[in-house]
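Let me begin by presenting the structure, written as structure tokens, before commenting on it.
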Amino acid sequence: MSEPGRGPGRVAALDLGSRRIGVAFSDSGRTIASPWGMVERSGDVAADRAALLDVVRQVEASTVVVGLPLSLSGRTGPAAQAALAEVAALREVLEPLGVSVETADERYTTVLAQRSLTAAGRKGNAARGVIDSAAAMVLLQAWLDRA
């Protein structure tokens with residue numbers, strides 16, 4: 001069995017939000033993260049998971065990394081517990097298909113993504129449409145750099 005993050009194939013990253021799920025993916029060499037876009041939450045958990053399954057298939061991911069929103073102290077608060085519940089549900093859907101699901105600390109990813117977008121001249125409403133995907137990309141690039 002290979003170490004987490006060291007297997008073959010692309011990686012998809014998910015930045016779970018209450019209204020949107022930001023998505024990014026890696027190249028097959030697991031070197032560079034790119035934004036994919038976002039999945040709007042529909043209010044139907046099964047439909048949202050089906051949409052994520054479609055994304056994973058589309059980018060041909062063999063691993064999915066889900067952002068874990070730990071508190072600044074590193075503790076698992078309510079948001080992280082909710083994310084872990086989603087991770088468990090995603091594992092039930094994806095692991096039988098051979099797709100591993102991991103978590104990664106996502107503290108500061110949204111802040112870093114917002115700063116990058118502001119530096120690139122995208123502010124306010126122009127940034128809102130891409131911030132979730134940019135946060136997923138920051139999360140994934142950090143994960144790839146550590147793997």
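Tabulated results
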{"read-out": "Residues satisfying the stated conditions in region 33-51, i.e. in contact (Cβ under 8 Å) with a residue 40 or more places away in the chain and in contact with a strand residue (DSSP E or B) (Cβ under 8 Å, 6 or more places away or on another chain)", "value": "A33, S34, P35, W36, G37, M38"}
{"read-out": "Hits in region 38-56 (condition: over 18 Å from V93 (Cβ atoms) and surrounded by fewer than 16 Cβ atoms within 10 Å (Cβ to Cβ))", "value": "E40, G43"}
{"read-out": "Top-ranked residue of region 35-70 - restricted to ones that are basic (K, R) and closer than 20 Å to V99 by Cα, ranked as modelled with the highest pLDDT", "value": "R57"}
{"read-out": "A24 vs. criteria hydrophobic (A, V, I, L, M, F, W, C) and over 19 Å from A142 (Cβ atoms)", "value": "no"}
{"read-out": "Single condition V87 does not satisfy, out of (1) in contact (Cβ under 8 Å) with a residue 40 or more places away in the chain; (2) closer than 15 Å to W143 by Cβ; (3) in a helix (DSSP H, G or I)", "value": "(1)"}
{"read-out": "Pick from region 1-34, criterion outside any loop (DSSP other than H, G, I, E, B), surrounded by fewer than 22 Cβ atoms within 10 Å (Cβ to Cβ) and at pLDDT 95 or above, ranking: farthest from the chain's Cα centre (by Cα)", "value": "R10"}
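The values are calculated or read from the model by the stated rules, or taken from the named source; none is laboratory data. Just so it is clear, the structure is predicted and the values come from calculations on it, not from any experiment. Neighbour counts are summed over all protein chains in view; Cβ atoms, including those assigned to glycine, are modelled from backbone coordinates with ideal geometry.
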